[in-house]
Amino acid sequence: MAEEFLETDLSDLDFSQFQPVNLATGQRNAQVSMRVPEPLLDAVKLRAKARGISHGRYIRDLMERDVARRTPEAPRADGVSARDDTARQPAEERGRTR
């Protein structure tokens, strides 16, 4: 059944009916604390002010949008993500299959 769906041409579907999912529903009971460079925080505060929201709300919006649009990577046994591992490789090795 799943194979049939994967073979289906979806180009004629009307996606205008779809609505974004708000992941911020429910109780906010987790807290994040982090140290960032002061110029970065200043820039975040400016962007938030331009949108008329608090910098905390702006950061939460960024996190929600990123999580909503990305497929999570499967964790590796060594705890290093594929993205982190690639960033440590010399430029000439990036893109090669191991």
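For the stretch 53-70, the criterion of being assigned to a loop (DSSP other than H, G, I, E, B) and at pLDDT 70 or above is satisfied by at least one residue. Residues in the stretch 18-43 that are of a type outside the set (A, V, I, L, M, F, W, C), modelled with pLDDT of 75 or more and loosely packed, with under 10 Cβ neighbours inside 10 Å: Arg28, Asn29, Gln31, Ser33, Arg35, Pro37, Glu38, Pro39.
The values are calculated or read from the model by the stated rules, or taken from the named source; none is laboratory data. Bear in mind that the values here come from a model prediction, so they are computed numbers and not experimental data. In this analysis, Cβ positions are derived from the backbone assuming ideal geometry, glycine residues included, and neighbour counts consider all displayed protein chains.
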